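K.L.:
Before anything else, here's the structure in question.
The values are calculated or read from the model by the stated rules, or taken from the named source; none is laboratory data. Computed from a predicted model, the values in this text were never measured in an experiment. Ideal geometry is used to build each Cβ from the backbone, glycine not excepted, and the neighbour counts take in all protein chains shown.
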Amino acid sequence: MEQTVLLKGGYVVLPEETFTASIRIKGEVIEAIGDLVPLVDEKVIDCEGCYFLPGGIETHTHLQLESMGTVTADDFATGTRAALAGGTTTVIDFATQFHGETMARGLERWHEKADGNCAIDYGFHMAMTEWNEHLKEEMGDVVRGGVTSFKMYMAYRNNMMVQEDEIYEALEESHRLGATIGFHCENGLLIDVLVRRERELGHLSPFYHQLTRPAELEEEAIVRLEAVNHLVHANHHVVHLSTAKGLAAIKRARERGNKIIVETCPQYLLLDGSRYGTPSDDNFESAKFIMSPPLRERRDQEALWQGLAAGDIQFVGTDHCSFNFKGQKEMGKDDFTKIPNGAPGIELRLHLLYTFGVARGRMDINRFSTITSTNAAKYFGLFPRKGILMNGSDADIVVFDPNVEWTVTSDLLHENCDYTPYEGFDLKGKVRDVFLRGRHKVASGKIVIEDVDGQYLRRDLPAMDIR
Ligand SMILES: [Zn+2]
């Protein structure tokens with residue numbers, strides 16, 4: 001008989017309730033949850049005082065991505081290892097079709113990067129950097145291959161940006177297939193004008209990044225996207241929502257009948273634009289916070305927290321896109337437009353949301369687990385295999401000790417980056433154990449199994465009944 005493991009006496013967190021119980025793991029799945037008595041010779045792990053959470057699902061990463069003349073500091077090996085340490089057991093990265101390529105080629109390249117290198121299970125979204133008849137024809141094959149979510153950018157002109165006619169046709173085809181598309185919502189044409197203006201004035205320090213990408217450009221792109229979508233009524237979502245104005249536009253579109261799923265990120269909940277310093281500042285450290293969209297204002301953070309708690313925002317990904325300060329961010333020392341855009345965050349997602357969400361009273365533990373795992377599993381076609389503690393589900397389990405207090409320093413993290421934007425943050429609660437399909441890979445907060453046994457996940461079509 002196959003050996004079982006008993007996780008004894010923790011708080012089982014489900015979307016609507018929490019109760020004290022034990023969990024029995026058999027092989028790769030959860031066999032039972034309840035008041036369980038240890039079997040003869042069964043391995044028992046005492047979990048008293050800890051939460052049992054479904055393994056985190058990270059919806060937004062850029063691992064081993066070539067961008068702005070360099071490549072992200074984290075590849076699939078280091079990025080997924082950091083995710084594992086932080087209680088994330090599934091990651092969905094953006095495979096990218098670059099100009100002139102097929103999506104099949106993009107997927108093939110991402111498999112070359114990821115296969116055999118991941119410490120957790122992984123899947124891909126398919127980012128399309130342009131639109132044409134060939135890509136339209138290819139979408140069906142991509143979906144049938146288990147990649148059921150696409151991405152399009154409304155920013156980055158001449159590189160990835162698509163416009164309304166293209167968005168319309170892509171949504172139409174995605175809708176026909178039952179798939180979904182995530183949109184990067186910023187007005188790329190206006191960004192280019194604003195960047196040109198600042199450059200003409202000799203404004204080249206990191207401070208000016210945020211001025212070239214104001215909140216209105218996110219709001220405007222969302223309004224435009226929703227006007228197009230109102231004609232199609234396709235499944236879609238807004239990635240990395242960063243502003244109160246954007247959220248208000250989403251709520252207005254919902255009142256008109258648009259169904260919109262929304263993702264935000266820890267950086268937009270916890271960091272603000274003061275990190276960019278002042279115009280006269282020549283402290284280049286602020287380059288660590290150069291990302292797109294940029295950090296916003298405190299009132300935006302509050303609106304996003306409220307949106308998460310109220311069900312207006314459905315899940316949290318990190319947009320993990322790490323570049324070292326030394327040697328990479330420094331490429332833009334004399335010109336903020338040459339600073340690689342992005343920051344690390346994959347490891348701290350659960351910790352940050354627990355501390356500032358649950359421990360600060362902004363949401364309960366059930367909502368926390370819903371926005372870090374369950375909703376993403378449903379929307380990205382992994383439920384109920386992932387995203388829930390249930391008999392028969394994969395034994396992707398986090399044992400979370402809510403009583404540990406600790407302070408973030410980048411050398412404590414497994415991310416392959418020489419800084420963290422959350423340096424010095426005081427956190428409450430810590431991931432103690434992590435099981436990936438039944439394998440006890442993190443114990444007492446340490447990675448004890450280094451195997452790159454993460455499996456590629458073919459995903460089902462999205463479920464839209466999440467809030
Ligand atoms: Zn991104």
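K.L.:
If I go through region 242-283 residue by residue, how many of them are closer than 23 Å to Cys417 by Cα and modelled with pLDDT of 95 or more?
P.N.:
Looking only at that region, the number is 13.
K.L.:
Now a separate question. Kindly indicate whether any position in region 418-434 is modelled with pLDDT of 95 or more, in a loop (DSSP other than H, G, I, E, B), polar (S, T, N, Q) and on the phi > 0 side of the Ramachandran plot.
P.N.:
For region 418-434, residues modelled with pLDDT of 95 or more, in a loop (DSSP other than H, G, I, E, B), polar (S, T, N, Q) and on the phi > 0 side of the Ramachandran plot: absent.
Condition check ((1) within 23 Å of Gln163 (Cβ to Cβ); (2) of a type outside the set (A, V, I, L, M, F, W, C); (3) within 16 Å of the ligand (Cβ to nearest atom); (4) surrounded by fewer than 23 Cβ atoms within 10 Å (Cβ to Cβ)) across all residues:
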{"residue": "Leu231", "(1), (2), (3), (4)": "yes, no, no, yes"}
{"residue": "His240", "(1), (2), (3), (4)": "yes, yes, yes, no"}
{"residue": "Ala249", "(1), (2), (3), (4)": "yes, no, no, no"}
{"residue": "Lys259", "(1), (2), (3), (4)": "yes, yes, no, yes"}
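K.L.:
Separate question: Mind checking which residues of region 53-84 are over 16 Å from the mean Cα position of the chain (by Cα), in a strand (DSSP E or B) and among the aliphatic types (A, V, I, L, M)?
P.N.:
Matches in region 53-84: Leu53, Val71.
K.L.:
Inside region 276-292, can you point out the residues that are in contact (Cβ under 8 Å) with a residue 60 or more places away in the chain and part of a helix (DSSP H, G or I)?
P.N.:
Residues satisfying the conditions are Tyr276, Phe284, Ser286, Ala287, Lys288, Phe289.
K.L.:
Conditions: (1) within 16 Å of the ligand (Cβ to nearest atom); (2) closer than 20 Å to Thr372 by Cβ; (3) assigned to a loop (DSSP other than H, G, I, E, B). Pro15 meets all but one. Number of the miss?
P.N.:
Against the list (1) within 16 Å of the ligand (Cβ to nearest atom); (2) closer than 20 Å to Thr372 by Cβ; (3) assigned to a loop (DSSP other than H, G, I, E, B), Pro15 comes up short only on (1).
K.L.:
State yes or no: is Glu186 away from the ligand (no atom under 16 Å from the Cβ), out of contact with any Gly (no Cβ under 7 Å at 6 or more places or on another chain) and acidic (Asp, Glu)?
P.N.:
The answer is no for Glu186.
K.L.:
Can you name the residue in region 52-99 that is at positive phi and within 16 Å of the ligand (Cβ to nearest atom) and, of all such residues, is surrounded by the most Cβ atoms within 10 Å (Cβ to Cβ)?
P.N.:
Ranking the candidates gives Gln64 first.
K.L.:
Quick check on this structure: which one of Ile23, Ile45, Ile33 is away from the ligand (no atom under 16 Å from the Cβ), surrounded by 21 or more Cβ atoms within 10 Å (Cβ to Cβ), of a type in the set (Val, Ile, Thr) and in contact (Cβ under 8 Å) with a residue 40 or more places away in the chain?
P.N.:
Within the list Ile23, Ile45, Ile33, the selection yields Ile23.
K.L.:
Need the failing condition index for Asp192 against (1) under 18 Å from Pro294 (Cβ atoms); (2) touching a Leu at 6+ places or on another chain (Cβ under 7 Å), just the number.
P.N.:
(2)
K.L.:
Here are Val162, Val193, Val239, Val232: which of them is aliphatic (A, V, I, L, M) and touching a helix residue (DSSP H, G or I) at 6+ places or on another chain (Cβ under 7 Å)?
P.N.:
Val232
K.L.:
Here's another thing I want to ask about it. What single numbered condition from (1) surrounded by fewer than 24 Cβ atoms within 10 Å (Cβ to Cβ); (2) more than 16 Å from the ligand (Cβ to nearest atom) fails to hold for Leu225?
P.N.:
(1)
K.L.:
Would you call Met128 surrounded by 22 or more Cβ atoms within 10 Å (Cβ to Cβ) and touching a Lys or Arg at 6+ places or on another chain (Cβ under 9 Å)?
P.N.:
Yes; evaluated as a whole, the condition is true for this residue.
K.L.:
Of these, Phe315, Phe336, which one is of a type in the set (Phe, Trp, Tyr), at negative phi and within 16 Å of the ligand (Cβ to nearest atom)?
P.N.:
Criteria check complete, one pass: Phe315.
K.L.:
What pairs come up if the first residue lies in region 342-358 and is assigned to a loop (DSSP other than H, G, I, E, B), the second is of a type in the set (D, E, K, R) and at pLDDT 95 or above, and their beta carbons are under 8 Å apart, counting only those six or more places apart or on different chains?
P.N.:
Once the first residue is assigned to a loop (DSSP other than H, G, I, E, B) and sits in region 342-358, its partners that are of a type in the set (D, E, K, R) and at pLDDT 95 or above give Gly342/Asp319; Pro344/Asp74; Pro344/Glu415; Gly345/Asp319; Ile346/Glu58; Ile346/Asp74; Ile346/Glu415; Glu347/Glu415.
K.L.:
Given Leu295, Leu352, Leu308, which one is within 16 Å of the ligand (Cβ to nearest atom) and among the hydrophobic types (A, V, I, L, M, F, W, C)?
P.N.:
Leu295
K.L.:
So, one more: Mind counting the residues in region 444-461 that are part of a strand (DSSP E or B) and out of contact with any Lys or Arg (no Cβ under 8 Å at 6 or more places or on another chain)?
P.N.:
2
K.L.:
With the requirement that a residue be of a type in the set (Gly, Ala, Ser) and either out of contact with any Pro (no Cβ under 9 Å at 6 or more places or on another chain) or without any contact (Cβ under 8 Å) to a residue 40 or more places away in the chain (or both), what does region 423-440 give you?
P.N.:
Gly424, Gly438
K.L.:
Suppose we filter region 189-219 for residues that are assigned to a helix (DSSP H, G or I) and touching a Phe, Trp or Tyr at 6+ places or on another chain (Cβ under 6 Å); how many remain?
P.N.:
Within region 189-219, residues that are assigned to a helix (DSSP H, G or I) and touching a Phe, Trp or Tyr at 6+ places or on another chain (Cβ under 6 Å) number 4.
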